[in-house]
Each structure stands twice: as structure tokens, then as C-alpha cells.
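Note sheet for the following structure.
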Amino acid sequence: MKMARTDTLTFRNRVFKQLRAAGLNSVKAKAARTAILAGAYAAGYPEIADDYAACVSFDSEDFQSVYVDDNGIARFGSPLRDELQPLVSTTPSEEQNKLSSELLEMLPDLYSAEGEEKDRLNAIYSAKRDAILAINPHVHAFVADPDGGEYFHNLHKAEYGFRPRGFRTYAQMRDEIESITRNAQNVEFDVAA
């Protein structure tokens with residue numbers, strides 16, 4: 001596996017660009033980069049996987065921290081000062097709320113439809129969900145995908161015995177659904193062996 005050094009200008013610049021791409025403005029991205037670099041310094045500037053990614057951890061709607069994903073391991077986790085919070089806006093716009101309400105109104109028809117009509121409604125639902133995410137992908141998962149959110153709640157409750165708590169973006173929700181599903185498949189495979 002190719003490794004990357006954390007004490008280089010390349011690391012510094014790439015972290016900044018990744019944080020900007022994650023939705024941080026320039027001032028917040030610079031502060032977040034500084035916090036990550038301080039974490040790398042404190043850890044002795046370790047080498048990490050070359051495909052690392054600087055990420056935002058959505059701890060809540062109003063508070064986020066940053067870290068570097070090093071091949072699935074969160075490194076250099078860093079909270080930022082209160083005056084920089086939230087790092088990324090999670091507040092839905094009026095247009096996102098309108099589209100989300102339209103998705104909720106579609107659900108009874110979507111659940112009862114069959115065949116081509118179900119395919120047509122699924123396509124409309126997906127287009128509206130994608131429009132919400134195109135405006136701001138950092139809103140709560142239930143704003144972006146109420147149907148997926150309900151599925152996630154039920155799946156989480158079945159797996160862990162309680163409904164999920166806290167803030168999740170659509171991407172975080174999809175990752176958790178995939179993780180729960182993958183773990184369930186691994187358990188089934190172990191039992192079958």
C-alpha cells in the first residue's frame with residue numbers, strides 16, 4: 001500500500017482542498033486544516049494511507065468536527081472553536097422543505113403502487129430527493145429522504161433494539177444502512193458455515 005507523509009506541503013494543501021470540497025468556507029477550512037496539522041504533529045507526523053481524506057464529522061446540527069479518514073480509521077480528530085460552528089450549514093432551505101413535504105405526500109401512493117406506476121413514482125421521488133441533495137447535501141437525512149429515513153429507523157431498531165438518535169446526513173444514513181446490512185449478511189454466512 002502506498003503511504004503518504006503528514007509533514008509535507010502536499011498533505012497540507014490536499015487537506016485544505018478536501019475540506020473546501022466538503023463544504024467549509026475558506027476561513028473554516030484553514031482553521032480545520034490547522035487543527036488537523038496539530039493532531040498530526042501531536043502524533044509524531046505518522047505516515048498514513050495515500051488515499052486519505054479530510055472529512056467533517058456531523059456530531060450534531062450545530063456542532064461539527066474534522067478528522068482524516070486513514071483507510072477507515074479516523075485520525076487527527078479535532079473539534080473547532082464555537083465561533084466557527086457550525087462548520088457546514090445543515091439548515092434546509094425553503095425549497096428543500098417544500099420538496100421534502102412533496103416527498104412525504106407521495107408516500108401513500110408510492111407504497112400502494114405496483115408495476116409501471118411504482119417505477120414512475122420511484123423515479124419522481126428519486127429526482128426530488130436528488131434535487132434536495134443538490135441544494136445542500138448536509139441537511140438531516142429525513143429532510144432529504146423521508147422514506148429512506150423510516151426504513152433506516154426500522155432497520156436500526158431491529159438490529160440494536162432502539163431507534164437511532166442524533167443528527168445524520170443522507171450520506172451517513174446510507175453508510176449506516178449498508179453497514180447494518182453487511183453485518184447481518186456476515187452473521188447469516190457465519191451461521192450457515
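Details
- Some residue of segment 162-171 being in contact with a Ser or Thr (Cβ under 6 Å, 6 or more places away or on another chain) and modelled with pLDDT of 95 or more: no
- Screening segment 40-70 for residues that are surrounded by fewer than 13 Cβ atoms within 10 Å (Cβ to Cβ) and not small (Gly, Ala, Ser) and picking the one that is nearest to THR169 (Cα to Cα) gives ASP62.
- VAL68 being β-branched (Val, Ile, Thr) and touching a Lys or Arg at 6+ places or on another chain (Cβ under 7 Å): yes
- Whichever residue in segment 135-163 is part of a loop (DSSP other than H, G, I, E, B) and under 23 Å from TYR111 (Cα atoms) and, among such residues, is most open to solvent (accessible area, probe 1.4 Å): ARG163
- Qualifying residue in segment 86-95 (condition: open to solvent by 30 Å² or more (accessible area, probe 1.4 Å), within 27 Å of SER126 (Cβ to Cβ) and not in a loop (DSSP other than H, G, I, E, B)): yes
- Pick from segment 169-184, criterion open to solvent by 70 Å² or more (accessible area, probe 1.4 Å) and under 12 Å from the mean Cα position of the chain (by Cα), ranking: nearest to TYR151 (Cα to Cα): ARG174
- Among the residues listed as ALA35, ALA40, ALA123, the single one being under 21 Å from the mean Cα position of the chain (by Cα) and in a helix (DSSP H, G or I): ALA35
- If the condition is being of a type outside the set (S, T, N, Q) and loosely packed, with under 15 Cβ neighbours inside 10 Å, then segment 109-123 contributes ASP109, TYR111, GLU114, GLY115, GLU116, GLU117, LYS118, ASP119, ARG120, ALA123.
- For VAL27, the criteria (1) in contact with a strand residue (DSSP E or B) (Cβ under 7 Å, 6 or more places away or on another chain); (2) open to solvent by 80 Å² or more (accessible area, probe 1.4 Å); (3) in a helix (DSSP H, G or I); (4) aliphatic (A, V, I, L, M) hold in every case but one, which is (1).
The values are calculated or read from the model by the stated rules, or taken from the named source; none is laboratory data. Predicted model, so just to flag it, every value in this text is computed and none were measured. Methodologically, a virtual Cβ is constructed for each residue, glycine included, from the backbone with ideal geometry; neighbour enumeration extends over all protein chains shown. The accessibility values were calculated without ligands, DNA or RNA, using every heavy atom of the protein model including side chains. Shrake-Rupley method; radii C 1.70, N 1.55, O 1.52, S 1.80 Å.
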